[in-house]
Amino acid sequence: MAPKTSPEIGGMGHSIKRKEDPRLIRGKGTFIDDIKLPGMLYMDIVRSPYAHAKIVNINTEAALKVPGVLGVITGADLAKYNLHWMPTLMSDTQMVLPVEKVMYQAQEVAAIIATDRYTAADGVAAVDVDYDPLPVVMDPFKAMEPGAPVLRTDKKDKKDNRIFHWEAGDRVATDKALKDSDVVVSEDIYIPRIHVASIETCGCIADFDRARGKLTVYMTTQAPHAIRTVFALVAGHVGLSEERIRIVSPDIGGGFGGKVPVYPGYVIAVAASVLLGKPIKWIEDRMENLQADSFARDYHMKAEIGAKKDGTMTALRIKTIADHGYADAAANPSKFPAGLFSICTGSYDLRKAFVELDGVYTNKPPGGVAYRCSFRVTEAVHAIERITDVLAQQLKMDPAELRLKNFIKPEQFPYHSALGWEYDSGDYHTALKKAMTLIDYAGLRKEQAEKRKKGQLMGIGISSFTEIVGAGPSKHFDILGIKMFDSAEIRIHPTGKAIARFGTKSQGQGHETTYAQIVAEELGIPAKDVEVEEGDTDTAPYGLGTYASRSTPTAGAAGAMAARKIRDKAKKIAAHLLEVSEEDLVWEPGKFSVKGAPQKSKTIQDIAFAAYTNHPQGLEAGLEAVSYYDPPNLTFPFGSYICVVDIDRGTGAVKIRRFVAVDDCGNIINPMIVDGQIHGGLTMGMAPALLEEIAYDEGGNNLSGSFIDYLLPTAMETPKWETDKTVTPSPHHPLGAKGVGESATVGAPPAIANAVVDALAHLGVRHIDIPITPEKVWRILKEKGVTE
Amino acid sequence: MATHQIRVTVNGTEHKAEVESRLLLVHLIREVLGLTGTHIGCDTTHCGACTVLLDGEPIKSCTMLAVQADGRQLMTVEGLERDGKLDPIQEGFFQEHGLQCGFCTPGMMMTGYALLRRKPKPSELEIREAISGNLCRCTGYVNIVKAVQFAAERR
């Protein structure tokens, strides 16, 4: 689709260069650790070496003698103010600091306040904590067994380790449909615990101004407004009321979901600042970040799918155990304890489906948040895309053919899924066929057959995913009761330039650029003349923040709606200036002109000036608007990915030879940025497929607590991604856009896993759990007698 | 804690500082000299966000002591732009969309800058090898490679 605006205006569809880059390429960004306030003190945290232990004693004497250490904060100190516990976003509870026992390794035990970060670390080393170890529960299946130690003894009536049971769909009908199917395949699929590991860790500066009674917290948060409200709810009883709390989210060095939760460190820093009346800086190091911050995934899924002999899918059933660790500290909408997992029927016209899931407590850090994915969608997509390939293998059908046979057809949209979603739009056949053409699918299958004869291991994997993003409609979506709308406020200055503020917060997505393009699209004001601000709760309108690919579907839509309100008023002013009636005006990007007399026109800049200098009688001066956009439905981006891998017979190493990604995110605001997001998303899809896992031993010790063992992809493992697109606009979004930041992370893992299994399928391999490390493959090759 | 007088030249300007033996070079740069463009991402020499040039060679300043830089030349991201003109490596990252959140970018650019001084026309594989000690979570490296190639063309 050709852009509606000129390159000078730079509305939707233009790959304009990013407005945030000039500062970032000069090293002049303002990330949390770059902020320094007068009199600022530093905080460091004492953490538990045990996964489960009674705290016998905390001796702080030696720490307090370290020159420069000004204080130690323990759970007992916070308990005096009833601040030693806090709610999670899922209405569970977790400790800020313990008074009795620790529940996971690296849990916060005490905090040191000192004059600088080195002295604070000295103080941490000098704190002597006496622990009495307790039995550790790491396996969620064992945690559910009768007689397992009950972990949450703080909850009076808790008799077991189950957090919640959730289900969706028709159990009886699904059971029957599976029974009546010609073929049923079943597979246990585990998606391990992983960590977003944004290159910037988490941190904050809490600054309580005693004279004004105002708390300002600069913090690495993806959702500053929600955080302000949470702080007001948690600390209201000690006098922190919401108008006296200001959250500022500065430049954020990557979020991916890990910067949504409230971590104990933030709360302790706030408490310390209130107690001492000084700004307190807390910046976690990478080990703390990997070992204590919220994780993602950790879903043990049993997936079953039924089909007729000809490959027509009949029913899907998935039973899942979700390991949440010590607390359910996920960041899902409140009514969705398993997030949007019920998107698991995927891109297929599956009329019968049933899913059930149990959330379980263990002695691991609390969670789980997303990892660059809308709520639990990656888990759902992995289950359906993997089990589809298992079915293809069983039926001896080509996996592409099986998919094309079962896809929801374009004419079926809006499509009502068996698990209750209304898919807004889609054209799955076109996307898969495009990917197959781009990669020469038929040619690859031929090559594979020839290679197999020679004993070479080559595999081709497909993933045709459907995403579900843009939470969400207020009817169903809230977090702690706050509806999941989002907002925009646009002010046009007298000289025709603008400032636009949003309730979201970019962490690299490029909102300063794309939101300016939305304003440019709707008002014709060049994007370069639109300043975008986010992240300061004192100035930006209230919104729920940036995660789950929701910025464009919600705040972006709010931007369009606010701009349209401004255009309506601009029309009245133009009519006044041109002395015609509104009906006689026509709009083209940037100006109103008189029908039939195009030489009689007023630009948006003329109109803006008049709004402050010559506004019509009976109309308020000024030109600005606010919109709180409550989306009527979610959006459903989709795509088809095809991956080709070669496997080394000797080492088991998997090399991605090619990866073609055809994405459809509806109408595109900035193609350059969308491409970049897909590149990054694919890399964060490859990461858990091949490399990343937060692993523990039986004693609860984290085995991957630094970048020595937790392997992020480097430029060497990462292939040269090949991207393309189809465009199926969302029918309900004002710009026809859908959101794209996470599609690739969601879609990529099964394409890679399917390719590896495909390479080994002739050996009788049907499934391998991710991450597919060389060791796992080598063991299979050894077992099958392929390698020595 | 013992302290030491050191002299370092940073981006062409000589600085004197009294530092503790244990002060990390990255903290000298960021906190003593106030050059916050150099970032800290992992503390274990893996992510490369803290990459600066020491006597022209890229090093990870999070695992080097400030005293080890005594008498030597440092270059940080703030030294790339000269006389109001961006270095080609900066121009490359801007034009080719080589950054998203921008946190790894300074280290990534310093590595790229050093590569191009050593090897003005590197192959794609040589670029990927050179930046393999710098982690990026946002871009998938595709456009970072292009950014370095852009700079190689312009130099």
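Quick note: the coordinates plus some simple rules give every number you see, no bench work behind them. Note that the structure is a prediction, hence the values are computed from the model and not measured. Virtual Cβ from ideal backbone geometry, glycine too; neighbours counted across all protein chains shown.
Structure notes:
- Taking the Cα centre of chain A as reference, the dipole from Cβ charges on Lys and Arg (+1) and Asp and Glu (-1) amounts to some 980 debye.
- Mean sequence separation of contacting Cα pairs (under 8 Å, at least six apart), scaled by the length of chain A, corresponds to a relative contact order of 16 percent.
- Partners for A:Lys352 among lysines (Cα-Cα distance below 16 Å; same-chain residues under 8 apart left out): A:Lys176, A:Lys179, A:Lys308, A:Lys319
- Given +1 at the Cβ of Lys and Arg, -1 at the Cβ of Asp and Glu and no other charges, the dipole of region A:305-417 around its Cα centre is 200 debye to the nearest 20.
- Hydrodynamic radius of region A:121-249 by the Kirkwood approach over all distinct alpha-carbon pairs: 21.2 Å.
- Hull volume in cubic angstrom per residue (convex hull over the Cα atoms of the protein assembly as shown): 187 Å³
- Radius ratio Rg over Rh of region A:1-76, counting only Cα atoms, Kirkwood formula for Rh: 1.35
- A:Ser334-A:Leu233 pseudo-label distance in nm [points 7 Å out on the Cα-to-Cβ vector]: 0.6 nm
- Look at the dipole of chain A built from charges on Cβ: of A:Val99, A:Tyr190, A:Phe295, the Cα furthest out on the positive end belongs to A:Tyr190.
- Farthest toward the positive end of the dipole of the protein assembly as shown, out of A:Thr216, A:Phe256, B:Gly112, is the Cα of B:Gly112, where the dipole comes from beta carbon charges about the Cα centre.
- Least to most buried among A:Arg18, A:Arg244 (fewest other Cβ within 10 Å first): A:Arg244, A:Arg18
- A:Asp180/A:Lys405 FRET efficiency (R0 30 Å; Cβ-Cβ; nearest 0.05): 0.95
- Alpha carbon centroid spacing (whole Å) that separates region A:45-72 from region A:690-744: 37 Å
- Long-range tail of P(r) for region B:88-154 (Cα pairs > 14 Å, %): 46 percent
- Least to most buried among A:Leu444, A:Leu215, A:Leu619 (fewest other Cβ within 10 Å first): A:Leu619, A:Leu444, A:Leu215
- Two-decimal ratio, region A:384-512, of alpha-carbon radius of gyration to 2.2 N^0.38 Å: 1.61
- Listed residue pairs exceeding 28 Å between alpha carbons, taken from A:Lys36/A:Lys483; A:Lys28/A:Lys569; A:Lys483/A:Lys565; A:Lys528/A:Lys571; A:Lys451/A:Lys720: A:Lys36/A:Lys483; A:Lys28/A:Lys569
- For the pair A:Val727 and A:Gln599, label points projected 7 Å from Cα toward Cβ lie 3.6 nm apart.
- Between the listed residues B:Ile131, A:His732, A:His511, the Cα displaced farthest toward the positive end of the dipole of the protein assembly as shown, a dipole computed from Cβ unit charges relative to the Cα centre, is found at A:His732.
- Contour minus Cα-Cα distance for B:Ser132 and B:Glu31 (0.36 nm per residue): 33.6 nm
- Assigned charges on the beta-carbon of Lys, Arg, Asp, Glu; region B:3-79 dipole about Cα centre (debye): 40 debye
- Two-site FRET efficiency, A:Asp568 against A:Lys142, from Cβ-Cβ distance with R₀ of 60 Å, rounded to 0.05: 0.45
- Whole-angstrom gap from region A:754-788 to region A:78-156, using each part's C-alpha centre: 40 Å
- Per-pair calculated FRET efficiency, R0 = 41 Å: A:Glu620 and A:Met716 via Cβ, rounded to 0.05: 0.10
- Directionally averaged shadow of region A:680-788, computed from the convex hull of its alpha-carbon atoms, nm²: 10.8 nm²
- Spacing of the modelled spin labels on A:Glu61 and A:His416, each 7 Å from Cα toward Cβ, amounts to 7.3 nm.
- Whichever aspartates and glutamates have a C-alpha closer than 16 Å to that of A:Lys572, once near sequence neighbours (fewer than 8 apart) are set aside: A:Glu582, A:Glu583, A:Asp584, A:Glu588, A:Asp606, A:Glu620, A:Glu624
- Proximal aspartates and glutamates to A:Lys19, defined as alpha-carbon separation beneath 12 angstrom and excluding residues fewer than eight positions away on the same chain: A:Glu512, A:Asp529, A:Glu531, A:Glu533
- Overall dimensions of region B:3-79 by Cα: Rg and Dmax, Å: 11.0, 30
- A viscosity of 1.567 mPa s and a temperature of 4 °C, combined with the Kirkwood radius over C-alpha pairs in the Stokes-Einstein formula, give region A:436-565 a diffusion coefficient of 74 µm²/s.
- D_trans [Stokes-Einstein, Kirkwood Rh over alpha-carbon pairs] for region A:610-731, 25 °C, 0.890 mPa s, µm² s⁻¹: 127 µm²/s
- Over region A:1-158, all Cα pairs binned in 5 Å intervals from 0 give whole-percent P(r) values of 2, 8, 12, 13, 13, 11, 8, 8, 6, 6, 6, 5, 3, 1, listed from short to long.
- Neighbour-count ranking [beta-carbon atoms within 10 angstrom, fewest first] of A:Trp282, A:Trp778: A:Trp778, A:Trp282
- Percent of alpha-carbon pairs separated by more than 25 Å within chain B: 27 percent
- Cα centroid separation - region A:405-456 against region A:475-541, whole Å: 37 Å
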